[in-house]
Amino acid sequence: MPSSKAMLATALAKANTAVQLDNTQSHEFALKYYGETCVLLSQLVKRASREEDKQKLRVIRRTYLQRIEQLGGVTSDDP
């Protein structure tokens, strides 16, 4: 299992890719990367020990979930 630091780096890279794709109107691919980012952020929320860290991750995740909804994707807002 990758470290939390590695997972966060991967999530940030995927988020950056999603935003770039979104900006070029490649919404189908942006949705894929936003979704993958949200999955990783959910896993990081579960791993985080500090409530402050969990809250920061949830806020970031919520932002991407909202964008997925705006683009017409189906989401689940669990953790």
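A few notes on this one:
- Whichever residue in the stretch 13-46 is without any contact (Cβ under 8 Å) to a residue 24 or more places away in the chain and of a type in the set (A, V, I, L, M) and, among such residues, is nearest to Val59 (Cα to Cα): Val39
- Residues of the stretch 24-58 satisfying the condition of being of a type in the set (Gly, Ala, Ser) and in contact with a helix residue (DSSP H, G or I) (Cβ under 9 Å, 6 or more places away or on another chain): Ser26, Ala30, Gly35, Ser42, Ala48
Values in this text are rule-based calculations from the coordinates and carry no lab data. It should be emphasised that the depicted structure is a prediction, and the values quoted were computed from it without experimental measurement. No Cβ is skipped: glycine too gets one built from the backbone with ideal geometry, and neighbour counts run over all protein chains shown.
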